[in-house]
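Shown next, in structure tokens, is the structure this report addresses.
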């Protein structure tokens with residue numbers, strides 16, 4: 001009896017509540033990418049098939065996460081930006097002084 005091999009990927013995202021409102025995206029997905037049966041004595045053939053299945057899995061999950069990034073990113077753009085803290089500039093100057101002292 002031959003065992004079917006596959007790569008299984010599941011994810012359960014927990015985006016901010018604002019992000020999930022108004023999107024048709026699912027926060028939970030589960031995929032199975034079959035690894036085609038190959039001659040078990042030919043490792044090159046097996047790893048080629050495995051690499052193709054992994055590429056398909058990577059592309060699918062990447063596409064899904066890109067859709068979520070775009071949805072959440074649009075919400076981030078609509079938020080008001082906060083002015084930078086005044087102390088941040090001083091911190092950068094202090095770091096430069098320390099570097100000069102080390103040289």
Gained length - residue 9 relative to residue 29, 0.36 nm times residue gap less alpha-carbon distance: 6.4 nm
Which distance in nm do the two modelled labels at residue 59 and residue 45 give, with both placed 7 Å along the Cα-to-Cβ direction? 2.3 nm
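Since every read-out is calculated from the coordinates, none of them should be taken as a lab result. On a predicted model such as this, the values are computed, not experimentally measured, just so you know. Positions of Cβ are backbone-derived with ideal geometry, glycine not excepted, and every protein chain shown enters the neighbour counts.
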